[in-house]
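Heads up: the structure comes next, in structure tokens.
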Amino acid sequence: MSYFQMLNLSIQQLWHRPATRLYPQEVRPVIARSRGRVELQPSTCTLCLLCEKKCPTHAIHIDRTQRLFTLDRFQCILCGACESACIAKHAIVLSEHYAPPQTHRDVIIWPVPSTPPSLASTTKSQNKG
Amino acid sequence: MNFLKKSPWILHYDASSCNGCDIEVLACLTPIYDVERLGIINTGNPKHADILLITGAINAQNQSVVQTLYEQMPAPKVVVAIGACALSGGIFSQCYNLHQGVDSTIPVDIYVPGCAARPEAIIDGVLQAVACFNQKQTIRSNQKRTSHGIKLDSHH
Amino acid sequence: MGKQTIIPFGPQHPVLPEPIHLDLVLEDEQVLQAIPRIGFVHRGLEKLAEKKDFQDMVYVGERICGICSFIHSVAFCQAMESILGIEVPERAQSLRGFWSELSRIHSHWLWMGLLADSFGFENLFMQTWKLRESLLDLVEATAGGRVIYGSCKIGGVRRDISLELITQAQTTLKALYTQHQILASIFENDTSIQHRTQGKGMLSKDKAYELGAVGPTLRASGWPLDARLLKYGTYQNLEFQPVVETQGDCYARMRVRIREVDQSFDLINQLLKKLPDGPVETKITGMPSGEHFERVEQPRGEVVHYLKGNGSKFLERYRVRTPTFANLPALVEILKGCTFADVPIIVLSIDPCISCTER
Amino acid sequence: MFSEFIQNPVHLMSFLVLFPFFSAMLLAWMKGSFWQSWIVRWSSLLLMLTSLLLAFQTSWRPHLFFILPHLHWITTLGDLIITLFLFWIFLKKGTRKELWILSLLIFQTIILLYTDWVLGLKTTPFPFYLDSFSIIMILIIGVIGGLICIYAIPYMKTYHNHHPHLPDHRRRFFFLFFLFLSAMTGIVISNDLSWLLLFWEITTLCCFLLIGYADDAEARKNAFLALGYNLIGSLGIVITLWILAEMHQKPSLTHIISLGKLGAILGLLAAALLALAGLAKSAQLPFSSWLTGAMVAPTPVSALLHSSTMVNAGVFLILKLAPIFHAHIALGESLSFIGGITFLISSIIALNQSNIKRMLAYSTISNLGLIVACAGIGTPEAIWAAIFLIIFHAIAKALLFQTVGTVEHQIGSRDIETMDGLWIRHRGLTLALILGTLGMFLVPFGMLISKWACLQTFIHSSPILALLLVFGSAPTLFFWSKWMGKLISPPSTPSEITLDSSLVSKDTWFSIGMLMILTLVACFLFPAISHFWVDPYLGLTMSSLGPWTLHHPLFLWVTLILLLILPAGFFFLAPSYKTVTPYLCGLNIPATTSNAQFQGSLGQIHTVQIRNYYLTSYFKEKSLLKIGQVLGIIFLLIMILINFHHWKLSTPFLPPPVWNSNSPSWLHLGMVALLFFISAPILGALLTGFDRIVTARIQNRYGPPLLQPFYDILKLWNKQTSVVNPMQIFYVWGFVLFMLLTGFIFFSGESLLLVIFSMMLGSLFLTLAAFSTPSPYSHLGAERELIQMMAYEPLLLLTALGMDLSTGSFQIQTIATSHYPLLYQLPGFFLGFLMLLTIKLRKSPFDLSTSHHGHQELVKGLTTEFSGSLLALIEIGHWYENIILLGILCLFILHWPWEILLTVLTFLFIFEILIDNTYARFTWEKTLQTAWIVAALFGGSNLLFLFYYHSINVRP
């Protein structure tokens, strides 16, 4: 009956377990390849400037002299252009985790090690030695 | 005890968002996220609200609207800007009609990045915003104590 | 002394998630006149085409609106591809169709929920949006984003989906389809919903055509017009008939959308069954020169993307005519004489997307 | 000599008839406005004092008869003079359309002359009499009529300033006024029908001339209409005279009553014909249109017609004949139906009126309908109620008309919509208007006390009348409240912010002020009035008088005192608040004036202007009036023709009123109050928490913790309170306080009707709070809330009636100790009450005005403009309200063991929540329709069943 269809559904749900994901207590596993936030792996970055050029919102700023990779999360629209533009192997990745809220406006600065990425491991071992 | 923590009521305003963040704000109310668990109610009325959620950047038309809504909210109040547009203008920051992020018009307490911000991020943002209340409430009660007995008839 | 009250309806109004303003002239609860005011979400993004690389404009295009985002980007890309003379691989076309229909389902579910909310049926709103949430998971798994898909690019799509994902999608969709049937039956048969929607906001067949309505608004008044009949992209391989209702009231518009969801499920099934193999993108060569006028069917109706290139990497002119914009004259017309309580329902019945309209 | 004069009621009474007549003559002769006002002022004062003196002289005394020398020629001569005068007027001003009136006049004169000269009337030994009912009427005529005369002095001066084109006929005006008063006094003391007819015709003539005062086409048309209808009425008296002469009976009222009581056809027919005269004079359906047409006259005339004279003459005559109607049910019932239908239809029509005088006119007609209905029932209780209705109505209506007239001269319009913000523009007058309005429909004021008595009477004599009353009083609530809302809302037009109060003259203030005092005094002193004047009359005319008085007026007084103290408390203990602009969807323009403005479409700046609802699309005046007239004519014919049938005399079923005489102890009351005040909000909050959890579960989610409502309230309490208009705080406190009082009354076992009225008062405060803001959404919410109240009020009252029928008492204490669960006898009422609960708990299909969850077009409707502690208070008030409602629900099933009772209650509560979650919100039309249909169908059928079931069981 047209009056009771919803009643039926409502009563059914009264006995069912809620569909809620109890978010702050239980964090559900991320979905693979979801675009969460931009992350840089400084060790592989070559500071090639391609990502800065490709970024439609100018969220990425690269200072080659100081060797700083600067990302403004407030500008980033998670389009993934930087990721696909990156010629180094996965220097920029789109992590599945989203960026947390902030109380102040700031940018994320990744210092990029000065050694060429191919030599990175050797430099490290030399330092150790 | 500050009960603002336990019942933050929100007001959502779409400044000039693309709807992406708006529907994510609405999605928080649905059974999947069910923010009412945390005492959150979407009031739709500035006079009842504690937290102003703004999505989208400020433009020439809605600037006064945002200001009015902010003024009409009773103290203590917190503003949460959601999404890249609300934070900085995002991809539209070069548009001729925009005044950039929300903080160009009213003070923003919490920034939730993302395009579109995910419901979880929005919930995080609201929960962080609640923490701001303690501070604001203390300031308010101090003010109250100094102006006790006088009607707070402050016209703007 | 008249008995007329002028009520500001919007821009901030809980019934409308988006800012639009209507001056409602009321007598008792009778709406004598509804005068719209738009521009609260105007960003001027068409002008942005003069500053942004045409390849970056896809991101702008899909952010015209967060609800119909994917189809906007499809329209933009198809227009661009025509100018550039690029042939899009078949698999990419099919994937575009897949996401388009997913986004149509999501948009219609979203709309159904909002409609339920507008007539005070909170529970139904919750149920519809719960369902929509499962669909968004599927979207996220395939496209990587929940509302902004970000997977369409000029020359194809940004990402491919694996066979495993396709099977997963098929099972999910099957489950969602059965659940949709339950909700659809409630929407269509519930007496209280019929009380609120039937006979409200009547748009006659002639009026609908005269005022240039598009999409479900037009189809609910008896016109079998659907831009997908142009057989663009993957639609040339699919079989479907546009959903048409004849009453032209809010109930008819609701039924059109509900049955379009069924149709979209069917289209996705057809499409996934004969998903061709192959690459998903081609290389872009050259700079856009010339103009193109692309018509694509959005959840809200036909959208037109007009592009004009001048041989540089910046477009000379970018113009979008969105379905809601086309439906606004019809909205103003059908609001006259309704009662105040019906305003939200009637406004929602054209499925307004203000963000599209004002860009 | 002087002291002897004032001690003799006969002298005083003759003075009261002759003195106004003398003043009238003096006024007709005198020229010059100074002397005119001087005479009017002092004559009125003298009139008032004399009537008061007479009242005190005769309190406690049985009635008196007067012997007069045979002066029969005076009446004949008088009638002839009037007839000739009317002929002359017709020749001068009459048109072809009014020919029917002329023929009526000729017809009437022929019968009269035939009766007088051919048949010859028998003489009445006592042509005049004086009993305590007449005294009450004399008091009303003298005091209120006198005040209206004083009021008329400045009014007419201003009137002529406003209408310079009108010739100044003030001499004639005041002459007619005093003649009117004299004739009215004559009517209420006449025993001889030919005297009665003379005075009757004089009032008709005065009324005719006063309505036609402006002498333009419209005034003339309406004056003739009034004349025509009244002539139809007096035809009733003339025919009675003729029949009596034919049958060689004395043409005296007492004789007719004694004949009628015995069931003689002659007496019954005479009663019916006289009732016809009364109906025409008191503007009952189908004759009602003359009174609404009479609105073209200057306001003092309306005040006079509506409160102290004219219409009162009609109901007075009908009430006099009540013993006959009481004895002869069929006759009485058909009369009652005319009254009941008039009450229902004219109060619905009043909803449509934006012209304040027309609204007041329809309200008069409806109240007179109630009086007629009471007279038709004719039990002592009914007569008691009717007399008090006359008293309170006269005071309140005189007050309202006078103030409205003054306001009209100040703002230049009589449209309700121009009166917004009157509270800010003119405090004093608004206070008078509000007091008058309160007097018309709210507990603890007079009219409501009488209505209450009516309800109690009707339920035991005629359930259908009770239904008519229940449905008729719902619209009353709506139109009065929305008018009050208009008065207290902020002004929309900045140019008229303040009015010059010096323009209101001292005479006006004196008159209005006296009436305001009278309104309050009458509320405090009604037991005394009952004791000294009404009860003796009932004892005299009715063979037996039951132990009838209203129960303990204690709570009424408490309510009244609370109402008086509340404003004082508010002004002394004003809390801190912040003033903000109203909610206009964010489009506010920073205020430069006190008006709210917003930027609308097409760049236009609108000032917020809010208009009331008139429901014209739903209730249509013309068609309703037509229905009413047809019904009126049908019942009129039945009333007259029914007498030719022989009916067995019977007395209506009347169970002895059960009063609980032992008043509860103060300690007990205190405990109850304390327990309720503390536990109700806790229980209410828990219920709300439970509600929210169950709702969430139904929606397949977890929902907030059980204690969430407490958190919300505590949070709101700590937040800043911002208001648009500081008066909001006052009204919200009013709401909460009266909810507290209601609960207190309920749990101390007092009358259920009092609980309902008190709850209505509380709810009204809430709507007023919303009305007092310049916010369109708040206003729409308030209007919808009123519609909602209009929808559920019949259900609520019917519940009380059902319980009374079942247990024989309205006392909650008695109801609660009944020997069986009431549900068995009252299933229909129970279902109706569940429907009411859905509306009251603001559950989904009916959450029109404000909604706890789920968005709606009104934003937050009623509560849009409240924040912080005020919002918390409203919520707490609702909790109290919910507990009281659940308490009433418990009354239905109180006899079951507590565990079953609790289970059933929980089940019902969950059922309500399920309903909430399974329907779309209805429109207000549908809500009203559904609620009324449920009330009529379930409540009505159960009521009828119960009534006949009981009458079968009780009668041997």
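The values are calculated or read from the model by the stated rules, or taken from the named source; none is laboratory data. A quick note: this is a predicted structure, and the numbers were derived from the prediction, not measured. Glycine gets a Cβ as well: all are built from the backbone with ideal geometry, and neighbour counts include every protein chain shown. All accessible areas refer to the heavy atoms of the entire protein, side chains included, with ligands and DNA or RNA removed. Shrake-Rupley method; radii C 1.70, N 1.55, O 1.52, S 1.80 Å.
Computed from protein heavy atoms with a 1.4 Å probe, the total accessible area buried between C and D is close to 4000 Å². Between A:His16 and B:Ile139, the C-beta separation translates, for a Förster distance of 41 Å, into a calculated FRET efficiency of about 0.35. Angle check, please: helix D:33-58 long axis (alpha carbons) against the longest principal axis of chain D (alpha carbons), in degrees 0 to 90, nearest 10. That helix lies at roughly 80 degrees to the long axis.
Partners of D:Lys31 within straight-line reach, counting lysines whose Cα lies under 25 Å from its Cα and excluding those fewer than 8 residues away in the same chain: D:Lys157, D:Lys506.
When chain A is treated as a GNM with alpha-carbon contacts under 10 Å, the residue of A:Thr65, A:Thr44, A:Thr20 showing the greatest mean-square fluctuation is A:Thr20.
With a 1.4 Å probe on protein heavy atoms only, work out how much accessible surface B and D bury together, total over both chains, in Å² to the nearest 100.
Values: alone 8840 and 34770 Å², together 40140 Å².
Counting protein atoms only, the buried area is about 3500 Å².
Rolling a 1.4 Å probe over the protein heavy atoms gives the range C:133-242 an accessible area of 37 Å² per residue.
Taking all Cα pairs closer than 8 Å and separated by 6 or more residues, the relative contact order of chain D comes to 11 percent.
The separation of the range A:1-35 from the range C:240-299, counted between C-alpha centres, amounts to 29 Å.
Residues in the range B:51-60 carry Karplus couplings, in order, of 10, 9, 9, 10, 10, x, 7, 8, 10, 4 Hz; the curve used is 6.51 cos²θ - 1.76 cosθ + 1.60 with θ = phi - 60°, and Gly or Pro positions show x.
The lysine pair count for the range B:1-152, using Cα distances under 17 Å and pairs eight or more places apart or on different chains, is 8.
Each chain gives up part of its surface: D and A jointly bury about 1200 Å² of accessible area, both sides summed, for a 1.4 Å probe. The phi-based Karplus calculation (6.51 cos²θ - 1.76 cosθ + 1.60; θ = phi - 60°) puts the 3J(HN,Hα) values of the range C:90-99 at 5, 4, 4, 4, 5, 5, 4, x, 4, 5 Hz, whole numbers, x for Gly and Pro.
Straight-line reach only, C-alpha to C-alpha below 16 angstrom: list the lysines that D:Lys122 could link to, leaving out same-chain residues fewer than 8 apart. Partners within reach: D:Lys250.
Here's how it looks for C:Gly301: its modeled amide H is under 5 Å from none belonging to a residue 5 or more places away or on a different chain. Overall, chain B carries a charge dipole of about 680 debye about its Cα centre when +1 sits on the Cβ of Lys and Arg and -1 on the Cβ of Asp and Glu, all other atoms neutral.
Applied to the range D:760-777, the Karplus parametrisation 6.51 cos²θ - 1.76 cosθ + 1.60 on θ = phi - 60° returns per-residue 3J(HN,Hα) values of 4, 4, x, 4, 4, 4, 5, 5, 5, 4, 6, 5, 7, 10, x, 10, x, 5 Hz, with x for Gly and Pro. Other residues whose C-beta falls under 12 angstrom from the C-beta of D:Ala931 contribute a net charge of 0, scoring Lys and Arg +1 and Asp and Glu -1. The charge dipole of the protein assembly as shown, taken about the Cα centre with unit charges on the Cβ atoms of Lys, Arg (+1) and Asp, Glu (-1), comes to about 1200 debye, rounded to the nearest 20. The loop-placed GluC sites (Glu not before Pro) in the range C:54-159, going by DSSP, that have at most 15 neighbouring Cβ atoms within 10 Å of their Cβ come out as C:Glu87. Residues whose amide H falls under 5 Å from that of C:Leu26, counting only those 5 or more places apart or on a different chain, are C:Thr5, C:Ile6, C:Ile7, C:Leu32, with hydrogens built in the peptide plane.
Just need the relative contact order of the range C:42-358 here, percent rounded to a whole number, with Cα pairs under 8 Å and 6+ apart.
Details: 570 pairs, mean separation 86.8, N = 317.
Relative contact order for the range C:42-358 comes out at 27 percent.
Note down the magnitude of the dipole of the range C:98-175 about its Cα centre, charges +1 on Lys and Arg C-beta and -1 on Asp and Glu C-beta and zero elsewhere, to the nearest 20 debye. The dipole of the range C:98-175 has a size of about 220 debye.
If you count, for every residue in D:800-807, the Cβ atoms of partner chains within 10 Å of its Cβ, what is the mean? Don't jump to the answer; show the numbers that get you there.
Details: counts 0, 0, 0, 0, 0, 0, 0, 0.
For this peptide, the per-residue mean of nearby foreign Cβ atoms is 0.
Only Cα pairs within less than 10 Å get springs; with that Gaussian network setup on chain C, which residue of C:Gly290, C:Gly97, C:Gly215 has the largest fluctuation? Comparing C:Gly290, C:Gly97, C:Gly215 in a Gaussian network model of chain C, the most mobile one is C:Gly290. The amide H of C:Glu316, built 1.01 Å from its N in the peptide plane, has C:Lys308, C:Gly309, C:Asn310 as neighbours under 5 Å, considering only residues 5 or more places off or on other chains. Positive contributions from Lys and Arg (+1) and negative ones from Asp and Glu (-1), summed over other residues with Cβ under 9 Å from the Cβ of D:Tyr702, come out at +1.
For the range A:25-114, what does the relative contact order come out to in percent, with C-alpha contacts under 8 Å and a separation of six or more? Please report the intermediate quantities before stating the final value.
Details: 150 pairs, mean separation 38.3, N = 90.
Normalised by residue count, the contact order of the range A:25-114 is 43 percent.
What part of the accessible area of the range D:345-486, given as a whole %, is carbon or sulfur when the probe is 1.4 angstrom? The C+S portion of the solvent-accessible surface of the range D:345-486 is 62 percent.
With the simple spin-label model, which puts each label point 7 Å out from Cα in the Cβ direction, the C:Lys336 to C:Asp262 separation comes to 3.5 nm. Please work out the FRET efficiency for the pair D:Leu675 and D:Arg427, using the Cβ-Cβ distance as r and a Förster radius of 51 Å; give the result to the nearest 0.05. The calculated FRET efficiency here is 0.80. To the nearest ten degrees, helix D:940-954 and the longest principal axis of the Cα atoms of chain D are 70 degrees apart. With all protein chains in place and a 1.4 Å probe, the accessible surface of chain C carries 50 percent carbon and sulfur.
Apolar share of the accessible surface for the range A:25-114: 57 percent from carbon plus sulfur atoms, 1.4 Å probe.
If you roll a 1.4 Å probe over the heavy atoms of the protein chains, what accessible area per residue do you get for the range A:1-93, in Å²?
Details: 4860 Å² over 93 residues.
It amounts to 52 Å² per residue over the range A:1-93.
Computed from Cα atoms, the angle from the helix D:356-377 axis to the main principal axis of chain D rounds to 80 degrees.
Excluding same-chain neighbours fewer than eight residues apart, the lysines reachable from C:Lys153 by a Cα-Cα span under 23 Å are A:Lys53, A:Lys54, A:Lys89, C:Lys47, C:Lys51, C:Lys52, C:Lys231, C:Lys274, C:Lys283, C:Lys308, C:Lys313.
Summing charges over all other residues whose Cβ lies under 12 Å from the Cβ of A:Cys45, with Lys and Arg as +1 and Asp and Glu as -1, gives +1.
In the context of the full set of protein chains, chain D has a per residue accessible area of 32 Å² (1.4 Å probe). Of all DSSP beta bridges confined to chain D, the antiparallel ones make up roughly 85%.
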